[in-house]
Amino acid sequence: MIKEIFKNLAAGKNVISKADLPALSAEEEKKLIDLQKGIDRIFGKSLRIRQVDAGSCNACEWECTALTNPVYDIQRFGIDFVASPRHADLILVTGPVSRQMELALKKTYLATPEPRIVVACGDCTIDGGVYKGSYAVTNGVANVIPVDYYIPGCPPSPGDLLSGFLKLLVTITK
Amino acid sequence: MIEKVLDKAVKTREHLNELYIEISKEHLKKVCMYLYENKDALLRLIFASDEREIDGSFRVYYVFSIPGVDRFFIPLISLKGDDLSFPSITELIPSAHWYEREIQDMFGLVPEGHPDPRRLLLHEAFPAQSHPLRKDWGISDDDLKEWGEGLARKEKNEFMKVEGEGVYEIPVGPVHAGIIEPGHFRFSAIGETIFFLEPRLFYTHKGTEKHFEGMSFTEGVRLAERVSGTSSFSHSSAYCMAVERMAGIEIPEKAKAVRTLLLEMERLYNHIGDIGNMCAGTGLAVGYSRGAVIKERLMQLNDRITGSRYLRGINIVGGVTQDIFIYAEDILSILDLVTKEYKGLMKLLLGTVSHVERLENTGRLSKDIAMKMGVTGVAARASGSNDDIRKAHTHLLYDRLVFEAHSSARGDVFARMMVRAEEAECSISMIEALFESSYQGGLAEEVKEIPQHASALGYSESPRGSLFYWVMSDKNGRPLRVKLRSPSFCNWPAVPFAVHGNIVPDFPLCNKSFNLSYSGCDM
């Protein structure tokens, strides 16, 4: 086994080099660097996010997951998604908030230590989006818990999420 | 071939490959059993519809298809007046289980003799006697008082109890540790071994079917795209197909080619992403990362060719909005790269003993249970079934493409990975084959007037399995009923059978190997 590992390391196998990754645009790279500066200053080099799906179609979740892949690799800036709301600085809510998730969302919010930031991610978190008016949704996160910031998009791409976090940092410092 | 069924018919109606056979309630069990046992028919879906505006009755439809026959046999019963119960067939055909409970929740029609008549879709947040899909149901002020946080828990949910020495319960969810959808799992474990699992889903229930009724058929496409994020294109294709078949529209060859192409693109990014995700279940970080890179490459390609990473905004009723074939060069060059990277990934995974050992014999689902529970898609094919809607009910351009339904008899997590791997390769070759011909016609056919009280099925093979829509128009040509049946709705009830006897830490792995959608299932 150890032999195998050394062999692979020597051959550079299974290692993804930067050149092998789908490229990010110069603009997106710049966003990332600005983002890091903000996080370093405001959150002491670490921003912990608890993502809560409150009835999303799952596209927003996959975009959040994409942020952690080697292409965006958001962990290198000190941002990470955490398992418990008790570890989080920020709650990222997706979905129009279905009535059956309302209680769970409130409980998650209350379990997050203050000061907590609530970011609503995706068009349907704003006013229910395409689901607006359905009997089973509450037409947006703001009807359930106070929202500090919105990131629109259906779903917002990983790049949109990054710009969203960046603008949020600007808002907070002001 | 089904004379015995037709003997019992009160009325029959044929529309394209759908044969509607109206029968009386008494004959229902016999007819269903005849199709199920004598003809080995698969129960595709059961749904009800409130057709009181036509003739004062509710109808329950049972859609069967017989292997090797491109035809849907749809026995249906009418319920009128005060007697709103219908015979339950769950004890004869177990896959009817959830459908009948769903009908009970949404329409208040009672499946008589159902072994588990608890509520399914609606949780405590909804007052008793809420039947949202009835046309005369609305939200009253009293209802609103009982909803949400201050709910009067009139309909307390009771989980099934496993009792005995050393049995303990582990409740998990609805908010989970990862970036995933919400659902509650109640494990009854003995030591580390899962004895019984009861999932409680439908937290993301958004009233999608009712919401369709408030839109026009053309607007509905946007909603269909947002039923389940990673199957957006399969959903919109099946929905559009249903509406087109209902309205008698034949879409141009070019539109068919674009749809076939994008359905396979969707399958490809899902399957490769799923194979990578399974590595997260075994802690193989390098496999997970490499899978995620290939998936990201495909998502960025989706974005370049359609303007949406999830292939949204392409389908419209009557055809498609864009010609994707002009991006041949981009697509083919990325596919070359992906093929290379993907083969490397598979070589890595199959050569990693610690990974393969975790997959083998884990989460085994026998063919017998898979067939009885009506499992579909990758999960069914990994348990020895060869059912694939692309073959069974050929549509779009699938009749011109050469492909096999890949299957494996093992039924474990490893089999589900390998079926995905083979299908992904097959999708690549299908996409390449699609670029070898040219296609006639425009992008979309004009949508003429939608006929009154017409109905039709639409279907597609999504990355997770067979997907059905059934639409019916009202007297003004607007939706009277839109039924959607996602593959996850069929597969969720089978997950507890697959995890029985496995250890709790293997549950995430089993779950990832099925990769079911919560939003699609919860509707």
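Where both partners of a DSSP beta bridge lie in chain B, what percent of those bridges are antiparallel, to the nearest 5? Don't skip to the end; give the middle numbers.
Values: 52 of 60 bridges.
In chain B, DSSP labels about 85 percent of beta bridges as antiparallel.
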**Study point:** Averaged over B:165-177, number of beta-carbon atoms from partner chains that fall within 10 Å
**Key:** 3
**Study point:** Paramagnetic reach from residue B:340 in the stretch B:285-307 [backbone N under 20 Å; point 7 Å along Cα→Cβ]
**Key:** B:287, B:289-302
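Report for the protein assembly as shown the percent antiparallel among DSSP-assigned beta bridges with both residues inside it, nearest 5.
On the way: 53 of 77 bridges.
Given both bridge residues lie in the protein assembly as shown, the antiparallel proportion sits at roughly 70 percent.
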Exercise for review: Grab the other residues whose beta carbon is less than 10 angstrom from that of residue A:57, score K and R as +1, D and E as -1, and report the net.
Suggested key: -2
Check your understanding: For the stretch B:365-374, in order, what is each residue's ³J(HN,Hα) by Karplus, 6.51 cos²θ - 1.76 cosθ + 1.60 with θ = phi - 60°, in whole Hz (x at glycine and Pro)?
Key -> 10, 6, 4, 4, 5, 4, 5, 5, 7, x
Exercise for review: Please report the base-10 log of the normalised intensity I(q)/I(0) for the stretch B:154-202, using a Debye sum with one equal scatterer per alpha carbon and no solvent, at each q in 0.21, 0.25, 0.29 (1/Å).
Suggested key: -0.78, -0.96, -1.09
Check your understanding: Using 7 Å Cα-to-Cβ label points, what is the residue A:82/residue B:16 separation (nm, one decimal)?
Key -> 5.2
**Study point:** Built amide H within the under 5 Å cut-off of residue B:316, gap 5+
**Key:** B:321
Exercise for review: Compare the Cα positions of B:305, B:260, B:501 along the charge dipole of the stretch B:208-522 (+1 at Cβ of Lys, Arg; -1 at Cβ of Asp, Glu; about the Cα centre) and return the one farthest towards the positive end.
Suggested key: B:501
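Relative contact order for chain B: what is it in percent, counting Cα pairs under 8 Å that are at least 6 residues apart? It would help to have the intermediate numbers written out before the result.
Working: 1006 pairs, mean separation 84.8, N = 523.
Computed over chain B, the figure is 16 percent.
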Exercise for review: With θ set to phi - 60°, apply the Karplus curve 6.51 cos²θ - 1.76 cosθ + 1.60 along the stretch B:298-304 and write out the HN-Hα couplings as whole Hz, x wherever there is a Gly or Pro.
Suggested key: 5, 5, 5, 5, 3, 4, 5
Point to revise | residue B:503 long-range amide H proximity, modeled H, under 5 Å | key: B:194
Exercise for review: Only bridges with both residues in the stretch B:1-80 count here: give the DSSP antiparallel percent, nearest 5.
Suggested key: 80
Study note, to complete from the structure: Here the whole-number average of other chain Cβ atoms within 10 Å per Cβ of B:292-301 is 5
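Which order results if A:160, B:388, B:136 are arranged by neighbouring Cβ count within 10 Å, fewest first? If you can, show how the numbers build up before the last one.
On the way: A:160 16, B:388 22, B:136 7.
Ascending number of Cβ neighbours within 10 Å: B:136, A:160, B:388.
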Review point. What size of dipole, in debye to the nearest 20, comes out for the protein assembly as shown about its Cα centre when the only charges are +1 on Lys and Arg C-beta atoms and -1 on Asp and Glu C-beta atoms?
Key: 960
Check your understanding: Along the stretch B:375-382, what does the Karplus equation 6.51 cos²θ - 1.76 cosθ + 1.60 (θ = phi - 60°) give for ³J(HN,Hα), rounded to whole Hz, x for Gly and Pro?
Key -> 5, 10, x, 3, 4, 6, 5, 6
Practice item. Among B:346, B:115, A:144, flag the residue with its Cα farthest along the positive direction of the charge dipole of the protein assembly as shown, charges on Cβ as +1 for Lys/Arg and -1 for Asp/Glu. Key: B:346
Check your understanding: On average, how many beta carbons from a partner chain sit within 10 Å of the beta carbon of a residue in A:44-56?
Key -> 4
Study note, to complete from the structure: Residues whose modelled amide H sits under 5 Å from the amide H of residue A:81, counting only those 5 or more places away in sequence or on another chain, are A:49
Practice item. Quick one: net charge around residue B:367, please, counting Lys, Arg +1 and Asp, Glu -1 for every other residue with C-beta under 11 Å from its C-beta. Key: +3
Review point. Taking the Cα-to-Cβ direction at residue B:55 and at residue B:399 and moving 7 Å from each Cα, how far apart do the two end points lie in nm?
Key: 3.3
**Study point:** Extreme residue, positive dipole direction of the protein assembly as shown, given options A:68, B:176, A:161 (C-beta unit charges)
**Key:** A:68
Check your understanding: So what are the radius of gyration and Dmax for the Cα set of the protein assembly as shown, in Å?
Key -> 24.8, 79
Check your understanding: Which trypsin sites (Lys or Arg not before Pro) from the stretch B:154-242 combine a DSSP loop assignment with at most 13 other Cβ atoms within 10 Å?
Key -> B:154, B:156, B:161
Practice item. Would you mind ranking B:181, B:244 by Cβ crowding within 10 Å, fewest neighbours first? Key: B:244, B:181
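About its Cα centre, what dipole magnitude does chain B give when the only charges are +1 on Lys and Arg Cβ and -1 on Asp and Glu Cβ, stated in debye to the nearest 20?
Numbers: 62 positive and 73 negative charges, 57 e Å.
Computed about the Cα centre, the dipole is about 280 debye.
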Point to revise | Alpha-carbon centroid distance for the pair the stretch A:100-131 / the stretch B:344-386, whole angstrom | key: 36
Exercise for review: Treating each Cα of chain B as an identical point scatterer and ignoring solvent, apply the Debye formula and state log10 I(q)/I(0) at q = 0.08, 0.10 Å⁻¹.
Suggested key: -0.50, -0.81
Review point. To the nearest 10 degrees, how steep is helix A:102-111 against the longest Cα principal axis of chain A, on a 0 to 90 scale?
Key: 60
Review point. Nearest 0.05, what FRET efficiency do residue B:163 and residue B:83 give at R0 = 41 Å with Cβ-Cβ as r?
Key: 0.60
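Every read-out reported here was derived from the displayed coordinates using simple, explicitly stated rules and does not represent laboratory data. Predicted, not measured: the structure shown is a model, and the values here were computed from it. FYI the Cβ positions are ideal-geometry reconstructions off the backbone, even for glycines, and counts take in every protein chain you see.
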